[in-house]
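Okay, so here's the structure we're looking at.
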Amino acid sequence: MKKVRKAVIPAAGFGTRFLPATKAQPKEMLPIVDTPTIQYIVQEAIDSGIEDILIITGRNKRAIEDHFDTSVELEQLLQQQGKKQHLDMVRNLANIKVHYIRQKSARGLGDAIYCAKSFIGDEPFAVLLGDDVVYNTHTPCLKQLIDCHYAHDGVTILGTQFVAPEKVSSYGIVSGREIEPNVYEVAGLVEKPPLEYAPSNLAVLGRYILTPDIFDELEKTPQGAGNEIQLTDAIARLSSRILAYSYEGVRYDIGDRLGYLKATVEYGLRNPQLAEAFKNYLQELDIDAVMNES
Ligand code: G1P
């Protein structure tokens with residue numbers, strides 16, 4: 001069985017839900033506490049054993065490339081100031097093997113993944129969506145999916161979790177039956193169904209292990225929901241076996257402002273340098289008084 005060595009991170013979207021913050025900077029660079037969101041995603045890939053990462057970018061995304069590049073002036077300054085910890089941090093970022101391809105027009109997630117065809121070649125690969133940040137203390141989310149892929153003959157794996165019924169119309173939804181704890185044999189897959197047509201509330205949440213036959217399907221997939229070429233539709237067309245894995249971890253929808261705020265608060269509370277002071281601040285905060293000021 002081939003190893004999962006490569007990962008694709010689509011990052012070409014406009015981030016309109018975060019305007020004006022995203023007018024001149026990529027939404028993937030918005031920080032949770034002090035770290036750009038895309039860095040959490042890249043770190044999860046590396047912690048899961050991924051060796052090469054392809055980021056699908058678009059216009060206005062240069063800051064992402066700069067972030068994972070060497071910064072000579074900054075390194076010199078940190079060296080002069082004797083800030084070893086910071087120096088190591090920026091050097092480590094530049095050592096990650098990240099590659100870039102531009103998606104020329106915003107034709108949907110399926111089209112973005114198709115841009116990775118020649119980079120991927122003939123091997124299984126991971127996809128991580130930047131809007132889904134997953135916190136884990138034990139096994140990184142992507143590693144859980146890769147382990148499931150190896151345990152089941154190298155088939156396609158969809159990273160899923162159950163969501164509240166009112167949320168099903170925001171996600172790709174799976175129909176299937178549980179074949180072992182947390183593993184579902186996928187019988188159908190539909191992109192953003194209205195609640196009354198949703199086959200379940202098991203949602204695809206930002207992580208996939210795909211096999212290279214997906215590229216043949218992506219080539220043939222017509223525009224779907226939102227007039228975009230949907231990855232979900234191409235996966236649903238696969239003749240090869242598909243499993244859904246309900247992963248463990250606290251998942252944040254940071255494509256949504258409320259989800260982003262929740263992530264900021266919870267990551268702040270987990271940060272060793274901030275935790276105590278931030279906890280005290282939150283406990284003493286007179287929420288109603290602040291709300292009445294608005
Ligand atoms: C995408 C996918 C969808 C998935 C969701 C969350 O939608 O098309 O199937 O459930 O991400 O991972 P988007 O949120 O980009 O509209």
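The values are calculated or read from the model by the stated rules, or taken from the named source; none is laboratory data. These figures come from a predicted structure and were not determined experimentally. Backbone-built Cβ (ideal geometry, glycine too); neighbour counts: all protein chains shown. Accessible surface is based on the protein model in full, side chains and every heavy atom, while ligands, DNA and RNA are left aside. Shrake-Rupley method; radii C 1.70, N 1.55, O 1.52, S 1.80 Å.
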Only one of these is of a type outside the set (A, V, I, L, M, F, W, C) and either in contact with a strand residue (DSSP E or B) (Cβ under 6 Å, 6 or more places away or on another chain) or at pLDDT 95 or above (or both): 10, 26, 20. Name it.
-> 10
Failed item, numbered, when residue 111 is tested on (1) in a helix (DSSP H, G or I); (2) touching a residue at least 12 places away in the same chain (Cβ under 8 Å); (3) under 20 Å from residue 25 (Cβ atoms) = (3)
Determine whether the stretch 75-86 contains at least one residue that is over 29 Å from residue 266 (Cα atoms) and surrounded by 18 or more Cβ atoms within 10 Å (Cβ to Cβ).
-> yes
Name the strands (runs of 3 or more DSSP E) wholly inside the stretch 141-233 in which the number of residues that are open to solvent by 30 Å² or more (accessible area, probe 1.4 Å) and in contact with a helix residue (DSSP H, G or I) (Cβ under 8 Å, 6 or more places away or on another chain) is 1 or more.
-> 183-191
Determine whether the stretch 260-271 contains at least one residue that is part of a helix (DSSP H, G or I), touching a helix residue (DSSP H, G or I) at 6+ places or on another chain (Cβ under 7 Å) and at pLDDT 95 or above.
-> yes
For residue 123, indicate whether it is within 22 Å of residue 251 (Cα to Cα) and either away from the ligand (no atom under 16 Å from the Cβ) or surrounded by fewer than 22 Cβ atoms within 10 Å (Cβ to Cβ) (or both).
-> no
Does the stretch 91-104 include one or more residues that are surrounded by 13 or more Cβ atoms within 10 Å (Cβ to Cβ), of a type in the set (A, V, I, L, M) and either touching a Pro at 6+ places or on another chain (Cβ under 8 Å) or within 26 Å of residue 172 (Cα to Cα) (or both)?
-> yes
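Results for (1) closer than 19 Å to residue 256 by Cβ; (2) away from the ligand (no atom under 13 Å from the Cβ); (3) touching an Asp or Glu at 6+ places or on another chain (Cβ under 6 Å), shown as yes or no for each residue.
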{"position": "165", "(1), (2), (3)": "yes, yes, no"}
{"position": "175", "(1), (2), (3)": "no, yes, no"}
{"position": "178", "(1), (2), (3)": "no, yes, no"}
{"position": "192", "(1), (2), (3)": "yes, no, no"}
{"position": "201", "(1), (2), (3)": "yes, no, no"}
{"position": "205", "(1), (2), (3)": "yes, no, yes"}
{"position": "208", "(1), (2), (3)": "no, no, no"}
Out of (1) within 14 Å of the ligand (Cβ to nearest atom); (2) at pLDDT 95 or above; (3) under 20 Å from the mean Cα position of the chain (by Cα); (4) not in a helix (DSSP H, G or I), what's the single condition that is false for residue 243?
-> (1)
Does residue 64 satisfy the criteria of being within 30 Å of residue 211 (Cβ to Cβ), touching a residue at least 24 places away in the same chain (Cβ under 8 Å) and among the aliphatic types (A, V, I, L, M)?
-> yes
Any chance the stretch 249-271 includes a residue that's of a type in the set (S, T, N, Q) and open to solvent by 80 Å² or more (accessible area, probe 1.4 Å)?
-> no
Assess whether residue 157 counts as being away from the ligand (no atom under 13 Å from the Cβ), closer than 27 Å to residue 47 by Cα and touching a Cys at 6+ places or on another chain (Cβ under 6 Å).
-> yes
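Matching residues to (1) under 14 Å from the mean Cα position of the chain (by Cα); (2) not hydroxyl-bearing (Ser, Thr, Tyr):
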| site | (1), (2) |
| --- | --- |
| 11 | yes, yes |
| 34 | no, yes |
| 37 | yes, no |
| 67 | no, yes |
| 78 | no, yes |
Please give the number of the condition residue 21 fails out of (1) more than 25 Å from residue 149 (Cβ to Cβ); (2) under 14 Å from the mean Cα position of the chain (by Cα); (3) of a type outside the set (S, T, N, Q).
-> (2)
